[in-house]
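J.: First the structure, then my questions, so here it is.
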Amino acid sequence: MAEIGSIISNKQVILKHYVAAGSAIKESDMYVTTTSITLKLPEGSNALLIKTLYLSCDPFLQFIMKNTPGLTGYTFFSPGSPICGYGVAKVLESGRPEFKKDDLVWGLMGWEEYSLVTNSQSFSKSTTLMYHSPTIQGFLNEVSRLKKGEYVFVSAASGAVGQLVGQFAKLAGCYVVGSAGSEEKVDMLKNKLGFDEAFNYKLEDEDLDAALKRYFSEGIDYYFEQVGGKMLDAVLLNMRNHGRIVTCGMISQYNVPQPHGIVNLMLVGLKRLQILGFTHRDHDHVYNNFLDFVLPLIRNKKITYVEDIAHGLDNAPTALAGLFTGRNFGKQLVAVAPHDHHY
Ligand SMILES: NC(=O)c1ccc[n+]([C@@H]2O[C@H](COP(=O)([O-])OP(=O)(O)OC[C@H]3O[C@@H](n4cnc5c(N)ncnc54)[C@H](OP(=O)(O)O)[C@@H]3O)[C@@H](O)[C@H]2O)c1
């Protein structure tokens, strides 16, 4: 363990340039470099000196890498500086009374081995390395109005958010179908995560409407939207009257030059549908409430949480870019430093 006050090497993942709007982000939009850092808080500083343990690969990072206008609530980074996203770290030195040496903290941090964090407003103490809690807390507390027996469809169902949403809907007594981009993921949804049905949307691309009709002969009550585009159009055709669509994301639209124009929107009125958008940024403050809720479920094997862990910052650019090609199998993390990882 490096001594406080020593100067040590510090590997970082740097954004090379802003990515053009409508383009997919690639590994080559980032590079890994090694600089040095003095492991010491400046005198009188209220910053935190942290050692990064795990980083979360999240689709929202591409919005910052594209300098997308209108974003709020994140720590922004620009070309030449480290990527900054959610992670878990260990406190080495603290200038804030709420945190002390060796605390685990969760929040927005740089993609580097060690950081001097001067803006640690997003930080809270963490007892575990669980990610995406604010998103799912939003689903549980404010969005979910699921009733037993309802028909629920989840797209991008095998990923970080989708796998939990589907399992929570099952716990609520719903019939749950998920879509994912490979046979292996479909198998996981049905045979490991307990979804009633699942299908490979790539194999059904020619007629997503027919695929949904196969699994929802009575129609869909509740759609957890994560992909947008053609899937949303097909879902609109299959929604039941008074159904709800909860828009968490639209990943199929992030990297296309021309977004898909939704043609079936008229059905919102005809079917009296509700569409609700939400963001984890409204729920970050309830991170620990979510952990109190979900960790016992995981420990008691009521919920399974599938993670895909890339080891080392050298592999971080591949892991992040892989979200947009479906390379990840479950929640994509980067393990930066060895640490006991359990729930
Ligand atoms: N509102 C919020 O606060 C919030 C927070 C977190 C995430 N989100 C959104 O929720 C969605 C899922 O995020 P996540 O973190 O859970 O990521 P994830 O599902 O773990 O990873 C992304 C997955 O998206 C799928 N995908 C990629 N390109 C696609 C395309 N063109 N069409 C359909 N599926 C595609 C891939 O799975 P397949 O193999 O199945 O294609 C990939 O594995 C994203 O839209 C994200 O932006 C929103």
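J.: For the range 110-145, enumerate the residues that are within 20 Å of PHE60 (Cα to Cα) and modelled with pLDDT of 95 or more.
T.: Across the range 110-145, the qualifying residues are GLY110, TRP111, GLU112.
J.: Return the total of residues in the range 234-267 being in a helix (DSSP H, G or I) and within 16 Å of the ligand (Cβ to nearest atom).
T.: 5
J.: Let me confirm something: among LEU39, LEU53, which residue is in contact with a His (Cβ under 8 Å, 6 or more places away or on another chain) and away from the ligand (no atom under 14 Å from the Cβ)?
T.: Going through LEU39, LEU53 in turn, just one is in contact with a His (Cβ under 8 Å, 6 or more places away or on another chain) and away from the ligand (no atom under 14 Å from the Cβ): LEU53.
J.: Still on this structure: Would a scan of the range 158-170 turn up a residue that is outside any strand (DSSP E or B) and over 27 Å from GLN332 (Cβ atoms)?
T.: Looking for residues that are outside any strand (DSSP E or B) and over 27 Å from GLN332 (Cβ atoms), one finds none in the range 158-170, hence no.
J.: Across the range 38-71, what is the total count of residues that are assigned to a loop (DSSP other than H, G, I, E, B) and within 20 Å of TYR114 (Cα to Cα)?
T.: Of the residues in the range 38-71, 10 are assigned to a loop (DSSP other than H, G, I, E, B) and within 20 Å of TYR114 (Cα to Cα).
J.: Could you tell me which numbered condition ASP292 fails, if it satisfies all but one of (1) part of a loop (DSSP other than H, G, I, E, B); (2) more than 26 Å from MET30 (Cβ to Cβ)?
T.: Condition (1) is where ASP292 drops out.
J.: When you check LEU203 against the structure, is it away from the ligand (no atom under 16 Å from the Cβ) and surrounded by fewer than 20 Cβ atoms within 10 Å (Cβ to Cβ), yes or no?
T.: No, not satisfied.
J.: Then there is this: Test LEU208 against the criterion of being part of a helix (DSSP H, G or I), among the hydrophobic types (A, V, I, L, M, F, W, C), within 15 Å of the ligand (Cβ to nearest atom) and over 21 Å from the mean Cα position of the chain (by Cα), and give yes or no.
T.: Here the answer is yes, as LEU208 does meet what is asked.
The values are calculated or read from the model by the stated rules, or taken from the named source; none is laboratory data. Given the structure is predicted, the values throughout are model-derived calculations rather than measurements. No Cβ is skipped: glycine too gets one built from the backbone with ideal geometry, and neighbour counts run over all protein chains shown.
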